[in-house]
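Enquirer: One structure is given below, represented as structure tokens, and several questions about it will come after.
Values in this text are rule-based calculations from the coordinates and carry no lab data. The structure presented is a predicted model; accordingly, all values stated were derived computationally and were not measured. Please note: Cβ atoms are built from the backbone with ideal geometry, for glycine as well, and neighbour counts cover all protein chains shown.
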Amino acid sequence: MPSFRSERGNILFMILGAIILLGLLTVAMRQTAQPGGSGVDSEKLTLQATQVRAYGAELEHAVQLVLRNGISESDIRFAHPDASSDYGDITDTPARQIFDPKGGAAEYRRPPDGINDGSAWEFYGGTQLPDAGSERADLIAVLPKVTQGFCEKINAMNDLEGQPADDGPLTAAGVSPGDCLNVGPLGRFDDGQQFYDPPNTTDEASFTRKPALEGCVQCATDGARHFYHVILPR
């Protein structure tokens with residue numbers, strides 16, 4: 001007899017699949033209506049952004065499943081054979097692993113081609129996003145160094161006008177996460193580093209909609225743009 005946990009997981013994947021299929025249908029209908037295939041690039045970007053947002057929701061759900069296993073928020077882990085070894089070993093306490101069937105049961109995915117520089121997803125506890133939770137650092141999934149076009153698309157989908165920013169000049173060092181939500185290898189959420197205190201804070205005035213649970217931020221440290229999704233507000 002299927003477990004309640006399994007049924008919930010199946011329902012989530014059905015919903016995510018429906019979102020992606022809806023995006024595909026929208027692309028097909030608009031391409032049919034536009035002579036010569038005009039707007040194809042824009043519609044492809046819309047579909048890719050829809051996929052990325054759906055994956056953020058999948059990771060968020062996976063975190064909740066791990067917490068329901070009795071795992072503390074600091075003991076959540078993101079190990080996978082295809083991820084950086086910094087994230088640990090997926091066989092280490094499977095119940096706390098986001099990408100293990102006994103934990104969060106999320107699928108480890110690479111980003112869609114062409115939306116960033118090829119960097120893999122990263123997971124940090126270094127930044128407090130505007131009105132996401134308290135003044136503590138949130139747990140976020142980050143897709144580093146996305147294109148300007150993807151950044152603008154994802155912000156439009158989240159009703160964020162202009163360009164949200166991390167406007168400080170400092171890079172991560174020692175016990176400081178620096179001034180960018182893309183903390184870098186030093187800040188990966190693993191056995192050696194979890195939540196920073198005090199956290200990095202963004203330029204709240206640059207966010208036209210709050211709470212800012214998802215979006216694309218440009219960091220002053222290097223001018224790069226990074227997509228983020230809050231997978232555990234704190």
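Enquirer: List every residue pair whose Cβ atoms sit under 6 Å apart, with the two residues 6 or more apart in sequence or on different chains, where the first one lies in the range 88-115 and is closer than 18 Å to Arg53 by Cβ and the second, anywhere, is of a type in the set (D, E, K, R) and part of a loop (DSSP other than H, G, I, E, B).
Expert: Qualifying pairs under 6 Å: Tyr108/Asp82.
Enquirer: I need a count of the residues in the range 93-110 that are touching a Lys or Arg at 6+ places or on another chain (Cβ under 7 Å) and surrounded by fewer than 20 Cβ atoms within 10 Å (Cβ to Cβ).
Expert: Looking only at that region, the number is 2.
Enquirer: In the range 116-132, what count of residues is obtained for those that are of a type in the set (Ser, Thr, Tyr) and without any contact (Cβ under 8 Å) to a residue 60 or more places away in the chain? Give the derivation first.
Expert: Of the range 116-132, the ones of a type in the set (Ser, Thr, Tyr) are 119, 124, 127.
Now narrow it down to the ones that are without any contact (Cβ under 8 Å) to a residue 60 or more places away in the chain: 119.
Number satisfying all stated conditions: 1.
Enquirer: While we're looking at this one, here's another question. Condition check: touching a Leu at 6+ places or on another chain (Cβ under 8 Å) and not hydrophobic (A, V, I, L, M, F, W, C). Does Asp166 satisfy that? Please lay out each step first, then the result.
Expert: Values: touching a Leu at 6+ places or on another chain (Cβ under 8 Å): yes; not hydrophobic (A, V, I, L, M, F, W, C): yes.
Yes; evaluated as a whole, the condition is true for this residue.
Enquirer: Can you work out which of the residues in the range 165-184 that are small (Gly, Ala, Ser) and not in a strand (DSSP E or B) is surrounded by the most Cβ atoms within 10 Å (Cβ to Cβ)? Don't jump to the end; show me each part of the working.
Expert: Of the range 165-184, the ones small (Gly, Ala, Ser) are 165, 168, 172-174, 176, 178, 184.
Now restrict to residues that are not in a strand (DSSP E or B): 168, 172, 174, 178, 184.
On the way: Gly168: 16, Ala172: 22, Gly174: 7, Gly178: 24, Gly184: 16.
Among residues in the range 165-184 that are small (Gly, Ala, Ser) and not in a strand (DSSP E or B), the one surrounded by the most Cβ atoms within 10 Å (Cβ to Cβ) is Gly178.
Enquirer: Restrict the check to the range 70-77 and report whether at least one residue is outside any loop (DSSP other than H, G, I, E, B), hydroxyl-bearing (Ser, Thr, Tyr) and in contact (Cβ under 8 Å) with a residue 40 or more places away in the chain. So that I can check it myself, show each step before the final result.
Expert: Within the range 70-77, the first condition is being outside any loop (DSSP other than H, G, I, E, B), and the residues that meet it are 73-75, 77.
Pick out the ones that are also hydroxyl-bearing (Ser, Thr, Tyr) and you get 74.
Right, trim to in contact (Cβ under 8 Å) with a residue 40 or more places away in the chain and you get 74.
Yes, the range 70-77 contains at least one residue that is outside any loop (DSSP other than H, G, I, E, B), hydroxyl-bearing (Ser, Thr, Tyr) and in contact (Cβ under 8 Å) with a residue 40 or more places away in the chain.
This table checks each residue for (1) among the hydroxyl-bearing types (Ser, Thr, Tyr); (2) in contact (Cβ under 8 Å) with a residue 12 or more places away in the chain; (3) part of a strand (DSSP E or B); (4) closer than 27 Å to Ser85 by Cβ.
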{"site": "Gln163", "(1), (2), (3), (4)": "no, yes, no, no"}
{"site": "Leu186", "(1), (2), (3), (4)": "no, yes, no, yes"}
{"site": "Asp190", "(1), (2), (3), (4)": "no, yes, no, yes"}
{"site": "Lys210", "(1), (2), (3), (4)": "no, yes, no, no"}
{"site": "Cys216", "(1), (2), (3), (4)": "no, yes, yes, no"}
{"site": "Asp222", "(1), (2), (3), (4)": "no, yes, no, yes"}
{"site": "Val230", "(1), (2), (3), (4)": "no, yes, yes, yes"}
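Enquirer: Anything in the range 109-142 that is on the phi > 0 side of the Ramachandran plot and in contact with a helix residue (DSSP H, G or I) (Cβ under 8 Å, 6 or more places away or on another chain)? List them, or say none.
Expert: If the condition is that a residue be on the phi > 0 side of the Ramachandran plot and in contact with a helix residue (DSSP H, G or I) (Cβ under 8 Å, 6 or more places away or on another chain), then Gly114 is the only one that fits.
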